[in-house]
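One structure is given here, and the rest of the page talks about it.
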Amino acid sequence: MKLLAVEDARARMLAEIAPLPAETIPLRAAIGRVLAEPVTAVRDQPPFDASAMDGWAVRSGDTPGPLRIIGESAAGHGFAGALGPGEAVRIFTGAAVPAGVDAIVIQEDAQRDGETVTAPETRAGQHLRPRGGDFKSGQALLSAGQRIDPWRLSLAASAGRAEVSVHRAPKVTIISTGEEIIEAPGAPGPFQIYDSGAPALRAMVRAWGAEAEKLKPVRDEMDAVIAALRDAEADLIVTVGGASVGDHDLVRAAGEALGLSMKVASVAVRPGKPTFFGVLADGRRMLGLPGNPASAFVCAELFLRPILAAYQGDAAPFTTITARAATPLGANGPREHWMRAKLAHQDGAISVHPYGDQDSSLVTVFAAADALLRRPPGAPAVAAGGLVEVLPLARA
């Protein structure tokens, strides 16, 4: 369980996570949630042949020539009759096409004179949107496991869905430990720093579709840490700090006092070696992240995000890409290294520039980064322009 490879550690964590039960919620509240069942069309879209332009509904065989205007079809107010020889109907974009029509003449190409319109030669099918051209009745539009974004919400709405079945959002309690931590706007003592890790993790958890509660920092006393863990009402407890093995690192021991069954004791990753994961006696899961912000944030991307995705039935929480190194990279050591970096896009190519100082305490570097550059264990040196693996970060 010690110094596991990143992939092995993640696999051990995910083996302990099952999708949470489904619940039905209003579609308007479903942004960021993961579907528990498919969304299927109950009718064709559009449900009728429709005009793609403002103009005239005609029979192509009657063109070119003058046509008698017999009515109008607008969106939501169609023409009830059928088109006969030598006739035309004024029509607007999105309106239903009357029976007998096989083409639309756009209004700029026609000349109206009273109750007659002269149309140019027109081919069948011109400027028509066929019934079911977007999707057909019974067609699966969205699959279980897809996360609802504004575009998918629009698709579900077009299928007439007012509610959707989604997996329950996991409940996460974030606990930071350490006498050196104080919450803003409190006045820090001479040896204290503001808590920057837990607030950011709470934002990450919410962005990844979970509910997040952040407790006040817990002092370095065993009884206080045990009480914080015991009282957390959550599917997953995420601790920040106290994950190592120093005299003041009490989180592991506090977890063990509550029956923690350790599944991952440490990870061969830089930054983030002390990261651990286990299951408490009552079934709650526990992820211990290092206290240094960069270490916590990197391991949140590598482990917390996939865990939350698994709770929600989402099998693909993130994807890495290939980019060209903007600068030479030295050979890597035995631990997998995820370097904070900046992407650049030029002439269709993507390059990545790692920051020179990768100290795990630097919040400024992480705030400027928009990617993590992966260096596998024992990776050889890479020349400028060489290909590397990169995990883009979600930045506004």
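The values are calculated or read from the model by the stated rules, or taken from the named source; none is laboratory data. Here the structure is a predicted model, which is why all the values come from computation and not from measurement. Reconstructed Cβ throughout: ideal geometry from the backbone, glycine too, with neighbour counts over all protein chains shown. The protein model used for the area step is the full one, side chains on, heavy atoms only, and it has no ligands, DNA or RNA in it. Shrake-Rupley method; radii C 1.70, N 1.55, O 1.52, S 1.80 Å.
The set of residues from the range 327-342 being open to solvent by 50 Å² or more (accessible area, probe 1.4 Å), part of a loop (DSSP other than H, G, I, E, B) and in contact with a strand residue (DSSP E or B) (Cβ under 8 Å, 6 or more places away or on another chain) comprises 328, 335. From the list 276, 297, the one residue that fits, being free of Cβ contacts under 8 Å to residues at least 40 places away in the same chain, surrounded by 24 or more Cβ atoms within 10 Å (Cβ to Cβ), touching a helix residue (DSSP H, G or I) at 6+ places or on another chain (Cβ under 7 Å) and under 23 Å from residue 339 (Cα atoms), is 276. Residues considered: 59, 33. Of these, the only one that is touching a residue at least 24 places away in the same chain (Cβ under 8 Å), touching a His at 6+ places or on another chain (Cβ under 8 Å) and crowded, with 18+ Cβ neighbours inside 10 Å is 33. Checked against the criterion of being touching a strand residue (DSSP E or B) at 6+ places or on another chain (Cβ under 7 Å) and closer than 29 Å to residue 391 by Cβ, the candidates 218, 251 yield just one match: 251. Filtering the range 147-160 to residues that are open to solvent by 60 Å² or more (accessible area, probe 1.4 Å) and not in a helix (DSSP H, G or I) leaves only 160.
Being within 25 Å of residue 315 (Cβ to Cβ) and out of contact with any Pro (no Cβ under 7 Å at 6 or more places or on another chain) holds for only one residue in 103, 41, and it is 41.
Just a yes or no: is a residue in the range 343-363 within 16 Å of residue 10 (Cα to Cα) and open to solvent by 10 Å² or more (accessible area, probe 1.4 Å)? Among the residues of the range 343-363, not one is within 16 Å of residue 10 (Cα to Cα) and open to solvent by 10 Å² or more (accessible area, probe 1.4 Å), which makes the answer no. Being farther than 14 Å from residue 48 by Cβ, touching a Gly at 6+ places or on another chain (Cβ under 9 Å), open to solvent by 20 Å² or more (accessible area, probe 1.4 Å) and touching a residue at least 40 places away in the same chain (Cβ under 8 Å) is not true of residue 112. In the set (1) part of a strand (DSSP E or B); (2) surrounded by 13 or more Cβ atoms within 10 Å (Cβ to Cβ), the condition left unmet by residue 17 is number (1). Among the residues making up the range 162-186, those that are part of a loop (DSSP other than H, G, I, E, B) and either open to solvent by less than 60 Å² (accessible area, probe 1.4 Å) or closer than 27 Å to residue 238 by Cβ (or both) are 168, 169, 170, 178, 179, 180, 183, 184, 185, 186. Cβ separations smaller than 7 Å between residues 6+ apart or across chains give the following pairs from the range 345-372 residues that are under 20 Å from residue 196 (Cα atoms) and in a loop (DSSP other than H, G, I, E, B) to residues that are aromatic (Phe, Trp, Tyr) and modelled with pLDDT of 90 or more: 369/355.
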